[in-house]
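FYI, it's all coordinate maths here, none of it is from the lab. Because the structure is predicted, anything quoted here is derived from the model rather than measured. When we count neighbours, we look across all protein chains shown, and the Cβ atoms used for this are built from the backbone with ideal geometry, even at glycine.
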Amino acid sequence: MLTRRAFLNWSLRLAAAGLATGAYAVGIEPFRLVTRHYRITPLRWPRGFALRVAILSDIHACEPWVSAARIRSIVAQTNDLDADVILLLGDYSKGHHWTTGEVHSADWSAALSGLKAPLGVHAVLGNHDWWDDRTAQAQGHGPTYGQRALEAVGIRVYENDVVKLEKDGASFWLAGLGDQLALLPHKRYGRTRWQGMDDLPGTLAQIEDDGAPVILMAHEPDIFPDVPARVSLTVSGHTHGGQVRLMGWSPVVPSRHGNRYAYGHVREDRSDGKTDLIVSGGIGESIMPVRFGVPPEVVVVDLGTA
């Protein structure tokens, strides 16, 4: 029989556990940083071609969570990974209002300018980079202030663009997709739904049929079902791994596909073969500054070494 004293004791312990979990999710895990490492060889990857890719996503710069000083620390740790190329996957601006101060675009971009890799640093924009820019929302086009800030420090921003890069005599294509949720619905501007800046067919049409593999940067992973096997690897962010992740499952994921593309490595069949996706858990937070079971991360992908 459960006595009143036992019930109260159990209730107090449960409340204490809840408070401790909440404190960890708000005050500890958001300030951690781990390196998440993947080793894969996509189906059409050239034999013997080893490429190391470092990925930073969803920085959401703001005080006190992701300050300019913290970004500089993350940059230093990323540089220590000796990546051949560094990819930035969008959402540099803050993602919530639980802040003690702003981090100006000139400051977070200056911090990111310290990133160094032999094949360069390449970026796409995320939905918050568009949503937080009132001028871009009103005009219905960019460049956003985030894009201008990145380009001012020498980081190229891709919006449905491609470039061909080479390492040790082997080539690959890098493509960057425009954001899929760029423009918010707004009666004043005549928009009844979200409108994207993405053009996947137009982007892939710029890639020559030369057999060189393709890496696609796309902030939101929702585009992945439309990505053909001509693309060896798609890299995305946006979901933050759900920010709360329990035994490989997230209760809330900002994706119409739910947990299908919430986090990690996914390989899917296409009519023309198989293609791979890696979704980063990102650095910062959106909606609320909470993380549990999915700490901030720098992603390293070693291609052609699995």
Anything in segment 260-292 that is part of a loop (DSSP other than H, G, I, E, B), of a type in the set (S, T, N, Q) and more than 17 Å from VAL34 (Cβ to Cβ)? List them, or say none.
SER271, SER286
I need the full set of residues from segment 223-236 which are in contact with a helix residue (DSSP H, G or I) (Cβ under 8 Å, 6 or more places away or on another chain) and under 14 Å from VAL124 (Cβ atoms), in order please.
ILE223, THR234, SER236
Answer with yes or no whether PRO295 is part of a loop (DSSP other than H, G, I, E, B) and surrounded by fewer than 24 Cβ atoms within 10 Å (Cβ to Cβ).
yes
Here are the criteria: (1) free of Cβ contacts under 8 Å to residues at least 24 places away in the same chain; (2) surrounded by 23 or more Cβ atoms within 10 Å (Cβ to Cβ); (3) among the acidic types (Asp, Glu). Tell me which single one ASP91 does not satisfy.
(1)
Scan segment 82-112 for residues that are within 18 Å of the chain's Cα centre (by Cα) and assigned to a loop (DSSP other than H, G, I, E, B) and jot them down.
ALA83, LEU89, GLY90, ASP91, TYR92, SER93, LYS94, GLY95, HIS96
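So how many residues does segment 207-227 have that are surrounded by fewer than 21 Cβ atoms within 10 Å (Cβ to Cβ) and either among the hydroxyl-bearing types (Ser, Thr, Tyr) or under 18 Å from ASP179 (Cβ atoms) (or both)?
Here is the first cut: in segment 207-227, the ones surrounded by fewer than 21 Cβ atoms within 10 Å (Cβ to Cβ) are 207-212, 223, 225-226.
Then keep just the ones that are either among the hydroxyl-bearing types (Ser, Thr, Tyr) or under 18 Å from ASP179 (Cβ atoms) (or both); that gives 223, 225-226.
Qualifying residue count, segment 207-227: 3.
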Scanning segment 72-81 residue by residue, the ones that are without any contact (Cβ under 8 Å) to a residue 60 or more places away in the chain and either assigned to a loop (DSSP other than H, G, I, E, B) or not polar (S, T, N, Q) (or both) total 4
Out of the residues in segment 138-154 that are surrounded by fewer than 19 Cβ atoms within 10 Å (Cβ to Cβ) and of a type in the set (A, V, I, L, M), state the one that is farthest from LEU183 (Cα to Cα).
VAL153
Is there a residue being of a type in the set (Gly, Ala, Ser) and over 28 Å from TRP45 (Cβ atoms) anywhere in segment 211-227?
no
